[in-house]
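Structure record follows, encoded as C-alpha cells.
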Amino acid sequence: MAIVNVSDQSFTNEVEGQGTVLVDFWAPWCGPCKMLAPILDELSTEVGDSVKIAKVNVDENPETASRFGVMSIPTMIFFKDGQPVDKVVGLNSKDALKSILAKHQ
C-alpha cells in the first residue's frame, strides 16, 4: 500500500476507524525525518495492505500535530481502529517499528 499524505482536513477520514495506521509526523527541514522516509517506504512494501502508513507535515498541518501533542519530530503515532495506542519519538529502525506494529495487529 502506498504511503498517504494526510492533512488536518483529511486526517479523520484517512486514519480514524481504519484498522492499524502508523502516522509519521514530519517536516521537510528535519534531517532525521529524511532518514526515516526510506525506512517507511520499505516498511510499507513489507506490511502491504495490513497496515496503512500516513504522513503529516507538521508545518502545513499544525492542528493535527497539536491535537496529538507532537512536540518533536519525527514522531510516529500508531492508531488501532481510530485510537492512538503507541507513540515513538525520533529515528527508529525498521525492525523496531515492525515489532511495535506487530503488538497492535
For this session: Only Cα pairs under 8 Å and at least 6 apart count here; give the relative contact order of the chain as a rounded whole percent.
Result: 38
For this session: Write down the accessible area per residue of the stretch 4-104 in Å², having rolled a 1.4 Å probe over the full set of protein chains.
Result: 49
Problem set entry | MRE, 222 nm, helices only [DSSP H, n ≥ 4, -39500 (n - 2.57), over the chain, to nearest 500] | -10500 deg cm²/dmol
Exercise. What are the principal axis extents of the Cα atoms in the stretch 4-104, in Å, biggest first?
Worked result: 30, 29, 19
Problem set entry | Carbon and sulfur %, accessible surface of the chain computed with the full protein complex present, 1.4 Å | 52
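The values are calculated or read from the model by the stated rules, or taken from the named source; none is laboratory data. Just so we're clear, the structure is a prediction, and the values are computed from it rather than from any experiment. For accessibility, only protein heavy atoms count, side chains too; no ligands or nucleic acids. Shrake-Rupley method; radii C 1.70, N 1.55, O 1.52, S 1.80 Å.
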